[in-house]
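What follows is a single structure, written as structure tokens, with notes after it.
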Amino acid sequence: MFAERINRIQPSATLEMTAKAADLRSKGLDVINLSVGEPDFNTPKNIIEAAKKAMDSGFTKYTPGPGILDLRKAITKKLKRDNDLDYDYNEIIVSCGGKHSLYNACQVLFEKNDEVIIFSPYWVSFPDFVSVTGAKPVFVKTNSKKQYEPDFNDLNSKITSSTKGIIINSPSNPTGGVWSNQAIKKTLEISKKHDLWVFSDECYEQLTYDDIFTSIATLTDDQKKILTFQSCSKTYAMTGWRIGYTAGNKNIIKAMSKLQGQSTSCPNSIAQHAAMEALIGNQDFVSEMRNVFKKRRKLIVEGLNQIPNINCDNPGGAFYVFPNIEYYINKNYKGKKIKTAADLSMILLQEKLIVTVAGDSFGANNYLRLSYAASENDINNALEKMKELLLKIK
Ligand code: PLP
């Protein structure tokens with residue numbers, strides 16, 4: 001009944017867990033949700049005011065397909081201010097979130113018989129963005145002890161004459177890993193040698209805790225085949241406003257605009273006005289949020305490592321930790337064998353009402369993803385309850 005392309009993709013595991021948590025909450029249960037992929041902060045007031053003003057001023061109509069000119073210009077200023085990137089407004093397209101930006105770019109560049117490199121563990125949507133185009137996602141191993149930087153031997157062995165692109169996501173969802181500039185430069189050299197399109201998903205660019213973030217395109221003189229994706233979602237707690245953007249080669253941007261024009265027409269007009277304020281208005285919120293996340297990272301990493309047989313590396317960014325739970329696989333809880341991380345995630349949910357996401361959905365079977373976009377109180381409670389439960393697994 002359905003077109004073949006829809007069978008090539010899976011529902012988003014993270015959105016499914018969020019829905020499950022909401023469902024349990026609606027039944028009055030006291031759920032601790034560590035599955036969330038969005039800041040637990042409200043959108044700053046100045047941004048909300050800008051949206052209200054936009055509505056009162058009549059900015060409630062269609063906008064140009066790739067976004068309002070003033071917003072595209074604001075993005076060029078933001079890219080210069082924060083990332084030292086030089087782009088012209090016609091090298092920018094605004095879309096309905098970073099997700100939509102990445103989706104559009106995959107549609108424009110990839111097709112059947114192409115292969116696209118994705119580093120594993122990966123954000124759940126990358127393989128599906130690629131598969132839906134008919135291209136094949138090819139997974140490359142990373143090193144968990146080095147912020148999930150590429151295993152370069154594996155990378156070199158996976159590139160073929162069909163490889164057309166490579167997707168980098170640092171800071172990463174799900175691991176929180178932040179690659180060193182050295183690892184990025186090496187990846188860019190390999191990509192250039194094989195003439196690959198490089199996608200840099202930088203939606204967590206403002207959330208690094210140990211080093212200042214470096215945008216990938218600044219690490220090479222040859223930016224022709226680099227597309228940079230950023231978003232208002234995580235930086236300004238604007239996940240529901242759906243504003244993300246792509247910077248890159250103007251012909252690609254034009255092709256993406258053509259596709260967007262025939263799908264969503266344009267991003268939401270009110271949200272675009274809000275995004276303008278977000279990007280060039282007062283930036284204090286961003287550092288305040290970053291400081292809170294940094295404190296919580298310490299709390300959760302230390303707490304997890306105090307639980308017997310859990311191993312959690314200290315991720316450099318985003319708001320996720322990715323503890324290794326391998327020890328608990330093939331052990332028993334209440335007489336039932338835990339076969340996968342998904343089984344363990346389900347036990348945590350059923351027995352302790354803690355919502356996590358199993359590593360299986362990110363291509364990493366022996367891990368759980370925990371988000372620390374949750375209060376310190378929730379994090380402390382979750383750690384205590386997890387410990388209680390895990391000690392009962394034999
Ligand atoms: N890229 C990564 C790695 C993400 O984790 C997300 C959201 O979770 C996105 C992109 C897309 O975010 P948005 O579409 O809200 O900008």
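The values are calculated or read from the model by the stated rules, or taken from the named source; none is laboratory data. Keep in mind that what you see is a predicted model, and the values were worked out from it rather than measured. Methodologically, a virtual Cβ is constructed for each residue, glycine included, from the backbone with ideal geometry; neighbour enumeration extends over all protein chains shown. For the accessible areas, the whole protein counts, side chains as well, though only heavy atoms, and no ligand, DNA or RNA atoms are used. Shrake-Rupley method; radii C 1.70, N 1.55, O 1.52, S 1.80 Å.
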ask   = THR228: net charge of surrounding residues, Cβ under 11 Å, Lys/Arg +1, Asp/Glu -1, itself excluded?
value = -4
request  = Rounded to the nearest 500, what is the 222 nm mean residue ellipticity of the chain from helices alone, with -39500 (n - 2.57) per DSSP H run of 4+ residues and division by all residues?
outcome  = -12500 deg cm²/dmol
query = How much of the accessible area of the stretch 204-304, in percent, comes from carbon and sulfur atoms when a 1.4 Å probe is used?
reply = 49 percent
task = Determine the principal axes of the Cα atoms in the stretch 168-231, then give the extent along each, sorted from largest to smallest and rounded to whole angstroms.
result = 32, 23, 20
query = To one decimal place, what Kirkwood hydrodynamic radius in Å is obtained for the stretch 216-369 from all pairs of distinct Cα atoms?
reply = 19.3 Å
Accessible area per residue in Å² at 1.4 Å probe, computed on the stretch 185-311 = 43 Å²
query = Of LEU227, LEU304, LEU15, which has the largest mean-square fluctuation in a 10 Å C-alpha GNM of the chain?
reply = LEU15
message = Strictly greater than 18 Å: what percent of every Cα pair in the stretch 277-319 meets that?
response = 43 percent
request  = Starting from the Kirkwood radius over alpha-carbon pairs of the stretch 145-291, derive D by Stokes-Einstein at 20 °C in a medium of 1.002 mPa s and give it in µm² s⁻¹.
outcome  = 127 µm²/s
All aspartates and glutamates inside 17 Å of LYS112 as judged from Cα atoms, apart from same-chain residues fewer than 8 positions distant = GLU4, ASP128
key: Accessible heavy-atom area order of LYS387, LYS250, highest first, probe of 1.4 Å   = LYS250, LYS387
ask   = Using only the Cα atoms of the stretch 218-291, what do you get for the radius of gyration and for Dmax, in Å?
value = 14.6, 41
inquiry  = Using only the heavy atoms of the protein chains and a 1.4 Å probe, how would ASP284, ASP128, ASP201 rank by accessible area, largest first?
reply    = ASP284, ASP128, ASP201
ask   = Straight-line reach from LYS53: which aspartates and glutamates have Cα under 15 Å away, leaving out those fewer than 8 places along the same chain?
value = GLU277
key: Among HIS100, HIS273, HIS194, residue whose mean-square fluctuation peaks in a GNM of the chain (springs only between Cα atoms under 10 Å)   = HIS194
request  = Springs between alpha-carbon atoms under 10 Å, Gaussian network over the chain: tell me which of ILE253, ILE216, ILE329 tops the mean-square fluctuations.
outcome  = ILE329
task = Sequence neighbours fewer than 8 away in the same chain don't count; with that in mind, list the lysines whose C-alpha is under 23 Å from LYS250.
result = LYS73, LYS77, LYS78, LYS80, LYS99, LYS164, LYS192, LYS193, LYS224, LYS225, LYS258
query = For the chain, what relative contact order do you get, as a whole percent, if you take Cα pairs closer than 8 Å and at least 6 residues apart?
reply = 23 percent
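I need the semi-axes of the equivalent ellipsoid of the chain: take the C-alpha gyration tensor, multiply each eigenvalue by 5, square-root it, list largest first in whole angstrom.
Square roots of five times the eigenvalues give 34, 26, 20 Å.
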key: Whole-percent carbon and sulfur share, accessible surface of the stretch 1-59, 1.4 Å   = 56 percent
query = Based on Cβ point charges of +1 for Lys and Arg and -1 for Asp and Glu, what charge dipole magnitude is obtained for the chain about its Cα centre, in debye rounded to the nearest 20?
reply = 600 debye
Most to least packed among 69-81, 167-179 [average Cβ atoms within 10 Å] = 167-179, 69-81
key: the stretch 15-91, accessible area per residue, ligands and nucleic acids excluded (1.4 Å, Å²)   = 59 Å²
inquiry  = Restricting to Cα pairs below 8 Å that are 6+ residues apart, what does the relative contact order work out to for the stretch 271-358? Please round to a whole percent.
reply    = 13 percent
request  = Just check the stretch 1-91 against the gyration tensor rule for me: Cα atoms, a ≥ b ≥ c as the square roots of the eigenvalues, rounded for a/c under 1.5, and otherwise prolate or oblate depending on whether a/b exceeds b/c.
outcome  = prolate
Relative contact order %, the stretch 8-90, counting alpha carbon pairs below 8 Å whose residues are six or more apart = 16 percent
